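Asks: To start, I am sharing the structure in question, which I have written as structure tokens.
The values are calculated or read from the model by the stated rules, or taken from the named source; none is laboratory data. Note that this is a predicted model, so its numbers are computed, not measured. Positions of Cβ are backbone-derived with ideal geometry, glycine not excepted, and every protein chain shown enters the neighbour counts. Only protein heavy atoms, including side chains, enter the accessible area calculation; ligands, DNA and RNA are left aside. Shrake-Rupley method; radii C 1.70, N 1.55, O 1.52, S 1.80 Å.
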Amino acid sequence: MDLTSFVTSLGTYFGIFMGLMIVYAFLSWRAGNNVVYYPNKILKGLEPLEGINKSRNPFIWMKVALVTSETEVIALSGVDTAVYFVFLSTVLSILVLSAVILLPVLLPVAVTDERVVKESVTSHYNQTVVDELQKLTMGNITEKSNRLWAFFVCCYWFSLVALGLLWKACKHVSWLRAQALMAPNVKPEQFAVVVRDIPAVPLGETTTEEYVHSYFEAIYPETYYKCMIVTDNRKANRIWEELEGYKKQLARAETVFQMSKTNAKPEGTRPTIKTGLLGLCGSKVDSIEYYNDRINETVTKLEAEQKITQSEKQQNAALVFFTSRVVAASAAQSLHAQMVDTWSVSPAAEPRQLIWHNLTIKYFERELRKYLVNAVVALTIVFYMVPISFISAFTTLQNLVELAPFIEPVVRIKALRTVLEAYLPQLALIIFFYLLPKLLLYLSKLEGIPTQSQAVRAASGKYFYFPVVNVFLGVTLGGTLYRTFKLIEDNPKSLLSWLVMSLPDNATFFLTYLALKFFVGYGLELSRLVPLLLYHFKRKYICKTDAERKEAWAPGDLGYETRVSEDMLIVIIVFCYSVIAPLIIPFGVLYFGLGWLILRNQALNVYVPTFESNGRMWPHIHNRILASLILYQVTMLVYFGLQKFYYASLLIPLPILSFIYGFVCAKKFYPAFERPILEVVANSMGEAPDMELIFRSFIPPSLNSEKIDDENFEESISKV
């Protein structure tokens, strides 16, 4: 990409960002948009525009985001959100401290050499092509040059800064998790454990519920409270969802009836509906009477199904409750049977994030599913390599013309050439990777993972391999692949030198890719134009009831499975190119700096967490950052070797040091994230727990009916 295309893309992206920020400042002040820009505060009963309307400063949101403490973030959005910001701030700190040395040292050293000029090539346009941006990279350093020492020293500086700040972050997140778990308020999941792989009921026991009850009462006679057996109530769920649908339709019909009453016609017009397929055919009946009749019929049907489910559809899993959270924590990490595939006990999660139907999957089936899903993911990685390699061909016009010679007359048009180089590759790459997180989350749930938060972590873990293989390797090497094949035929010895040059050559692509992500991506995130337009469209043309309007502006959560995955891609790119092309560091600083600022504003005002795992995501995040660091160190080791730098072997201690650091962290910090901490949960509570309330909090909506006898509840749980 030439300098004109690069500057054009940056200018365009920056202009879009400033425009979107002005749009946000204007629209977020309008009271009619409060439910789009401040839903988190509204749901918590807070004043949306407190401290903002008075100043009318379009940038006041930045000050609010900056001065808000971590404690306030936890109060509004939870510990998981606070840990995510620790991740952003840690990577930001690594890049800022590294830039203090790398930018003033490496840029002058690189730009004053002349390798790019000496090795410039002739293009299809019969001009000498000298990439001005490549002069700022390590690709402009002559082989065996003493200038390589500057890059060598900076490799050590970057690695030591990263390891030091990651260690500090681990200690802070561990403290945050401990503080959350020892909080005096009652958390139902701290008094329960999940029991899977329950053996068949032996002789002498009549039901699975009695079997589980006698088993745990014998082991924990003083603290055992109750057990709740998992049941296969898929049919009950369908009936309950049908009932909820009828209730919404009834509320809508009643609202329409009330709106039809006017001074000229005070009796109003009762709404009607056709009873045929999709309401398009059949006899026309009164909507209110019709939905009332359907509700009464469905309630009777649901009550009958609830009794059948509780008595005949018990499964081989249960929730077991204890009166002491210390005993529950101890039970969650204890081995309860000699055979690993029976009486598997693990910590319980929040009722809202349990994936109930996965609880009944047997041990060896879970193991088999895990291997099958990993195989599917591996094949998907290979499949994605094809389009990504094709996308990389757009990074240079020479490749584009070589792959498709018939477009050469079109590419000669300067304006079109600028657009092709500046925008298309980045947009195509973003579209391909936008589709991945949803697919990987679905595959993770197929493994038999029991909780939503664990499925999100698993999906993010799988996603990590896609940017490593497809973006870093695919784009970096794919951009020179076509030329390399010809070079192998003509001059096999030149292959290594071309591979060396491929890294700086593709740095410009990643610079514009980052600019697109933080200017346009975060600009759209802040302005929320798409949710705003959808809300006003639904409110005007679709929504009739308050429940429908609330559903129209429901914000959802921060989307960790997507955000963490996308951020890890940027971490890999910035780390691996930090020394090779130091100009990428300011772009990384802008990405994580704007991300920290804008997403902090969104976490405080917009997004509502759908689950809370008290920072369980951190070991996953920390491991991937460390893997990115090791990948960077190995890349630099190979790069120095191909540059014929005789002291390249002195970089070998860096990946060894990182592996040792990772081993120490895994032993020191990670166990507290995997298992309950007894000294933490032993902290005194502010109030005695209401065990019946805790027990009932796990009862599924489809079985939670006041007409059901209390004793039947302990045999009921959903399989959603």
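Asks: When the Kirkwood hydrodynamic radius is evaluated over all pairs of different C-alpha atoms of region 164-226, what value in angstrom, to one decimal, is obtained? Don't skip to the answer; put the middle values down first.
Replies: Working: mean 1/r = 0.0651 Å⁻¹.
Across region 164-226, the inverse of the average 1/r is 15.4 Å.
Asks: Same structure again: At a Cα cut-off below 17 Å, give the lysines reachable from residue 261, other chains included and same-chain residues fewer than 8 away excluded.
Replies: Within the straight-line cut-off, residue 261 pairs with 544.
Asks: Additional query: Could you work out how much longer the chain between residue 534 and residue 656 gets when fully extended? Use 0.36 nm per residue separation minus the Cα distance between them, nm to one decimal. Mind dumping the intermediate values first?
Replies: Details: separation 122, 0.36 × 122 = 43.92 nm, distance 5.18 nm.
Answer, rounded to one decimal: 38.7 nm.
Asks: With a cut-off of at most 12 other beta carbons within 10 Å, and DSSP calling the residue loop, which trypsin sites (Lys or Arg not before Pro) in region 133-208 qualify? Please list them. Could the numbers behind the result be given before it?
Replies: Numbers: sites: 135, 144, 147, 168, 171, 177, 196; in loops: 144, 147.
Sparse-neighbourhood loop trypsin sites (Lys or Arg not before Pro): 144.
Asks: Then there's this: At 1.4 Å probe size, what's the solvent-accessible area of residue 525? Round to the nearest 10 Å².
Replies: In the full protein context, residue 525 sits at about 30 Å².
Asks: Can you send over the carbon and sulfur percentage of the accessible area for region 534-577, probe radius 1.4 Å, protein chains only? List each step's numbers first, then the result.
Replies: Values: 970 of 1870 Å².
The nonpolar share, carbon plus sulfur, comes to 52 percent.
Asks: Order the following by accessible area, largest value first: 157, 343. Probe radius 1.4 Å; ligands, DNA and RNA are ignored. Kindly include the intermediate steps, with their values, before the conclusion.
Replies: Numbers: 157 95, 343 15 Å².
Ranking 157, 343 by accessible area, largest first, yields 157, 343.
Asks: So for the pair residue 43, residue 435, with labels modelled 7 Å out along Cα→Cβ, what separation do we get in nm?
Replies: 3.1 nm
Asks: Calculate the tail of P(r) for region 163-290: the fraction of all Cα-Cα distances greater than 18 Å, expressed in %. The partial results should precede the final answer.
Replies: Details: 6264 of 8128 pairs.
The share of Cα pairs beyond 18 Å in region 163-290 comes to 77 percent.
Asks: Treating each Cα of region 1-107 as an identical point scatterer and ignoring solvent, apply the Debye formula and state log10 I(q)/I(0) at q = 0.10, 0.13, 0.14, 0.15 Å⁻¹.
Replies: Evaluating at q = 0.10, 0.13, 0.14, 0.15 Å⁻¹ gives log10 I(q)/I(0) of -0.48, -0.77, -0.86, -0.94.
Asks: I'd like to compare 243-254, 181-192, 630-641, 667-678: which one has the highest average count of other Cβ atoms within 10 Å, and what's the full order after that? Present the calculation step by step, with values, prior to reporting the outcome.
Replies: Working: 243-254: 17.1, 181-192: 18.7, 630-641: 20.2, 667-678: 15.1.
In decreasing order of mean packing, 243-254, 181-192, 630-641, 667-678 become 630-641, 181-192, 243-254, 667-678.
Asks: Also, I was wondering about something else. Taking a 1.4 Å probe, which of 624, 528 shows the most accessible area, and what order do the others take after it?
Replies: 624, 528
Asks: Ignoring ligands, DNA and RNA, how do 696, 30 rank by accessible area with a 1.4 Å probe, largest first? Intermediate results must be reported in sequence, preceding the final value.
Replies: Working: 696 75, 30 130 Å².
Per-residue accessible area, sorted high to low, gives 30, 696.
Asks: Let me ask another. Accessible area per residue, 1.4 Å probe, Å², for region 264-326: what's the number?
Replies: Working: 3500 Å² over 63 residues.
Here the per-residue accessible area is 56 Å².
Asks: How many Å² of accessible area per residue for region 490-640, probe 1.4 Å? If you can, show how the numbers build up before the last one.
Replies: Details: 4680 Å² over 151 residues.
About 31 Å² of surface per residue is accessible.
Asks: What net charge do the residues around residue 182 carry, taking every other residue with its C-beta under 12 Å from that of residue 182, with Lys and Arg at +1 and Asp and Glu at -1?
Replies: Details: positive: 177, 187, 325; negative: 679.
So the environment of residue 182 carries a net charge of +2.
Asks: Among the lysines, select those whose C-alpha is under 21 Å from the C-alpha of residue 301, and discard any that sit fewer than 8 residues away in the same chain.
Replies: 235, 247, 248, 313, 707, 719
Asks: Using only C-alpha atoms and all pairs of different ones, pull out the Kirkwood radius for region 604-648 in Å with one decimal. Before the final figure, lay out each step's value.
Replies: On the way: mean 1/r = 0.0725 Å⁻¹.
Final number for the Kirkwood radius of region 604-648 is 13.8 Å.
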